[in-house]
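The values are calculated or read from the model by the stated rules, or taken from the named source; none is laboratory data. This one's a predicted model, so the numbers in the text were calculated from it and none came from an experiment. Reconstructed Cβ throughout: ideal geometry from the backbone, glycine too, with neighbour counts over all protein chains shown. When the accessible area is computed, the model is the full protein with side chains, heavy atoms only, and any ligands, DNA or RNA have been set aside. Shrake-Rupley method; radii C 1.70, N 1.55, O 1.52, S 1.80 Å.
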Amino acid sequence: MYSVGVSTPERLIEATRELLWERGYVGTSPKAILQRAGAGQGSMYHHFTGKPDLALAAIRRMAQELRTAAEGILGGPGSAYERVDAYLRRERDVLRGCPVGRLTMDPDVIGSDELRGPLDETLDWLRERLAGIVEEGQERGEFASSLDGEEIAATIVATVQGGYVLARASGSTAAFDTGVRGLLSLLAVASPDSPASPRPPARTDV
């Protein structure tokens, strides 16, 4: 499943990242990692000190991927409202859930300061980045000055993460889509230059 030339450590990290997303920490056994990576026995301990060390590398990879994807949209062109809109509507595998968000509910990950660290740092970064965009919009007159940037940022993150949970529970993207539309409608009221009726979100189940 990996391209020719991909190093063993890289295959191990990618396999662990995928398994953590699918099965959680306990369900990600060394045997399953080796099978998914197509690596021989003993290779994990040749390149990493053990499962926790490999899991940390995989979680750091997940966190960096989330930051990169988010920044690609939030740092793009457009008004503050348009960038928030684009972030909320970006293509996601909603029913699979957020890899970072799912790990925040994994007791074995949350119980480890080391494993939890990259998750906390990434969610903190995302809230700060969104708050900065809201404040930028206020300075440009795009959002009402009465809004609290940190509160709006926390609401955006909560809407996305909560939407994942509700969508997975129902087996449908409808709950996620509804939450996104509702939040954008509220933001549109505070953004005079935004459309009065935000367009329906793009399909997020592909």
Distance between Cα centroids, region 123-157 to region 36-94: provide it in whole Å. 23
Cβ crowding within 10 Å averaged over residues, with 59-67, 162-170 ranked highest first: 59-67, 162-170
With +1 at each Lys and Arg Cβ and -1 at each Asp and Glu Cβ, the charge dipole magnitude of the chain around its Cα centre, to the nearest 20 debye, comes out at 920
Could you give the size of the charge dipole of region 61-104 about its Cα centre, using +1 on the Cβ of each K and R and -1 on the Cβ of each D and E, expressed in debye and rounded to the nearest 20? 180
Around residue 154: net Lys/Arg minus Asp/Glu count, Cβ-Cβ under 10 Å: -2
Averaged per residue, the 1.4 Å probe accessible area of region 1-60, protein heavy atoms only, in Å², is roughly 51
Counting only protein heavy atoms and a 1.4 Å probe, tell me what percentage of the chain's accessible area is made up of carbon and sulfur. 52
Using label points projected 7 Å from each Cα along Cα→Cβ, tell me how many nm separate residue 145 and residue 128, to one decimal. 2.7
Taking the simple approach of a point 7 Å from Cα along Cα-to-Cβ for both residue 7 and residue 155, what is their distance in nm? 4.6
Could you work out the helix-only [θ] at 222 nm for the chain, with each DSSP H run of four or more residues adding -39,500 (n - 2.57) and the total divided by the number of residues, to the nearest 500 deg cm²/dmol? -22000 deg cm²/dmol
How high is the relative contact order of region 81-157, in percent, with contacts defined as C-alpha pairs under 8 Å that are six or more residues apart? 28
Separation in nanometres of the label points that stand 7 Å from Cα toward Cβ, at residue 35 and residue 108: 1.5
Whole-Hz ³J(HN,Hα) from phi, Karplus 6.51 cos²θ - 1.76 cosθ + 1.60, for region 41-50, glycine and proline x: 4, x, 5, 4, 7, 6, 9, 9, 6, x
